Amino acid sequence: MELPKPKYTGTVSLEDAIIQRRSIRRFSDEIVSIEDLSQILWAAQGLTKGRQRTAPSAGGLYPIELFVATHDGVFRYVPDGHRIEEIIKKEVRAKLSAAALNQGFIKDAPVVLVITAVFERVTSKYGERGERYVHQESGHVAQNVCLACAALGLGTLVVGAFHDLEVQKVLGISERFEPLYIMPIGRKG
Ligand SMILES: Cc1cc2nc3c(=O)[nH]c(=O)nc-3n(C[C@H](O)[C@H](O)[C@H](O)COP(=O)(O)O)c2cc1C
């Protein structure tokens, strides 16, 4: 499914977004619009110029893959064409919450973004050091998401405490996609 075109101008300054960014752990029931979801995914990994993306990537090898869980199911973000593809048609947020040491706010968020990486895309070129590069890259992506959410008046946070295998099982993704961050997203409750 094609996402709405992202907006390239906003009303919140970068400085304001940086000041507003805070870890939010209470979410209202209000849905996140498809326009806002589009904006967040674009900020995370959207294409800007040719194959180049919004976040830096060591050697331009782009190991990051994004998955989104909503009440409709699980979707994978495809930067080329700015689309999402359905992976499973099932509500999994409660199970994601359980996989993340029962951090309950994950199931309360209307959108749960999971940042994963395919490490071999980078380690095949850079060896062991490539592992460091992938972790560094996930930080860039997560920060873009934090700032995009702040600019949209949405709350989020980065969650690093979870069982990798459980998260992969719940999302229905292969072991190649190693989860690095879970980011619940929604209106502040
Ligand atoms: C690597 C990393 C892992 C984190 N994991 C969790 C987590 O599992 N659960 C959680 O509630 N917050 C988690 N956080 C969020 C921090 O608790 C939060 O950033 C910190 O308290 C500072 O608050 P602030 O983000 O509002 O500035 C994590 C942050 C980082 C950088």
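The values are calculated or read from the model by the stated rules, or taken from the named source; none is laboratory data. All values reported here derive from a predicted model rather than from experimental measurement. Because the Cβ atoms are built from the backbone with ideal geometry, glycine has one as well, and the counts that use them run over all protein chains shown. Protein only, heavy atoms only, side chains kept; ligands, DNA and RNA dropped before computing areas. Shrake-Rupley method; radii C 1.70, N 1.55, O 1.52, S 1.80 Å.
Exactly one of these conditions fails for PHE75: (1) within 16 Å of the ligand (Cβ to nearest atom); (2) under 13 Å from the mean Cα position of the chain (by Cα). Give me its number.
Every listed condition holds for PHE75 apart from (1).
Mind counting the residues in the stretch 37-57 that are of a type outside the set (Val, Ile, Thr), in contact (Cβ under 8 Å) with a residue 40 or more places away in the chain and farther than 17 Å from LEU180 by Cα? Walk me through how you get there before you give the answer.
Taking the stretch 37-57 first, the residues of a type outside the set (Val, Ile, Thr) are 37-39, 41-47, 49-53, 55-57.
The next check asks that each one be in contact (Cβ under 8 Å) with a residue 40 or more places away in the chain; those that pass are 37-39, 41-46, 55-57.
Retained after the next criterion (residues that are farther than 17 Å from LEU180 by Cα): 37-39, 42-43, 46.
Total satisfying the criteria: 6.
Sort out which residues of the stretch 78-102 are within 16 Å of the ligand (Cβ to nearest atom) and open to solvent by 50 Å² or more (accessible area, probe 1.4 Å), and write them in order of number. If you could, list the steps in order and put the result at the bottom.
Just the residues of the stretch 78-102 that are within 16 Å of the ligand (Cβ to nearest atom), to begin with: 93, 96-102.
If the condition is that a residue be within 16 Å of the ligand (Cβ to nearest atom) and open to solvent by 50 Å² or more (accessible area, probe 1.4 Å), then ALA98, LEU101, ASN102 are the ones that fit.
Inspect the stretch 123-143 for any residue being of a type in the set (D, E, K, R), touching a residue at least 24 places away in the same chain (Cβ under 8 Å) and open to solvent by 30 Å² or more (accessible area, probe 1.4 Å) and give the result as yes or no.
Start the filter on the stretch 123-143 by keeping residues that are of a type in the set (D, E, K, R), which leaves 125, 128-129, 131-132, 137.
Right, trim to touching a residue at least 24 places away in the same chain (Cβ under 8 Å) and you get 125, 137.
Next, only the ones that are open to solvent by 30 Å² or more (accessible area, probe 1.4 Å) stay: 125.
Yes - at least one qualifying residue is present in the stretch 123-143.
Can you name the residue in the stretch 19-34 that is away from the ligand (no atom under 11 Å from the Cβ) and either touching a Leu at 6+ places or on another chain (Cβ under 7 Å) or open to solvent by less than 70 Å² (accessible area, probe 1.4 Å) (or both) and is also farthest from VAL68 (Cα to Cα) among such residues?
SER28
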